[in-house]
Amino acid sequence: MPMRSAAAFLTAWLALAPDALALEVICPPMLRQGISDFAASFSKQTGTPVTVKVSPMGKIVDDIKAGPADVILLPDHLMASLAKGQKLGRMEIALAVRPGAPHPDISTVDKFAAALKSAKAVAYTQPGPPRFSMEAEMIDQILHRPEFRGVTLMTTTTRSGVDALGTGDADMAVQATSAFLSRKDVALVGPLPPELKAHIDFEAAVSPSAADAKAASDFVRHLTRPEAAWSTFGLKRGVGP
């Protein structure tokens, strides 16, 4: 077959060939940026397209049961009911202030409480509907402990506590570390005191309903490989149970 004819045949065959099956990954909002970047690098290396779906942690289990997904990212205690996961890392809950504001000492619960009581308003995402955020529930439970009585709290429904801090409606915010890292209008102070256990340990797993289990397994390995730079997105590796 002449070279020109062979090239034309190959072009026509590729046009008729089915597209690579896209992987669907489901994760909580706090992992959105990290997963999107890892999905892009995985697609570039393998040619496999990846669709990232974001859903509140409290709804992902129901979402998985209601419809198929290929890769799941969840806290370890939720993952146990769905699939065998591989440890991804730990997301800390942290405090942030306005840029240029003093960074308070929050190394102990008493010092953290004193810092919050000095604020005009401490913002965080409202727990419950419409977001059903596990992170917000955790923060809400912590800030309603007796030690924090007297703190002026501000919860937000249509935006995050970080947004309220960024616009100046609050002068402190408590959210997951990942929410602060890409923002130039807030300044990260650091994670909450260890005694509060304000963190979420995440796992990645191949869904039992994965359409392409091998590609899904390859993606999980891509996420959990030792050199994966999760710290860029606020996830600490090598910690957790």
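Read-outs throughout are calculated quantities, based only on the coordinates presented, and are distinct from any laboratory measurement. The structure displayed is predicted, hence computed values, not measured ones. So basically every Cβ, Gly included, is an ideal-geometry build from the backbone, and we count neighbours across all protein chains shown.
Computed from label points 7 Å out along Cα-Cβ, the spacing between ASP169 and ASP212 is 4.3 nm.
Restriction of the GluC sites (Glu not before Pro) in segment 190-235 to DSSP coil positions whose beta-carbon has at most 15 other beta-carbons within 10 angstrom yields GLU227. For segment 47-127, the set of trypsin sites (Lys or Arg not before Pro) satisfying both a DSSP loop assignment and a count of at most 14 other C-beta atoms within 10 Å is given as LYS84, LYS120.
Sites listed here are trypsin sites (Lys or Arg not before Pro) in segment 149-241 whose DSSP assignment is loop and whose Cβ has at most 11 other Cβ atoms within 10 Å: ARG149, LYS184, LYS197.
Between LYS184 and ARG159, the simple label model (points 7 Å from Cα in the Cβ direction) yields a spacing of 1.8 nm.
So which of LYS59/LYS120; LYS87/LYS117; LYS53/LYS236; LYS59/LYS111 end up more than 30 Å apart, counting from Cα to Cα? Table pairs above 30 Å Cα-Cα are LYS59/LYS120; LYS87/LYS117; LYS59/LYS111. If the chain linking ARG221 and LEU21 were pulled fully straight, counting 0.36 nm for each residue of separation and taking away their Cα-Cα distance, it would gain 70.2 nm.
Once the piece of chain linking ALA40 and PHE148 is laid out straight, how much longer is it, given 0.36 nm per residue of separation minus the C-alpha distance between them?
Here the answer is 34.7 nm.
Result for the chain in a Gaussian network model with C-alpha springs under 10 Å: among GLN33, GLN141, GLN126, the largest mean-square fluctuation is at GLN141. For the pair ASP63 and LYS236, a Förster radius of 25 Å applied to the C-beta separation gives a FRET efficiency near 0.40, rounded to the nearest 0.05. Computed extension gain for VAL54 through ASP110, at 0.36 nm per residue and net of the alpha carbon distance, reaches 16.6 nm.
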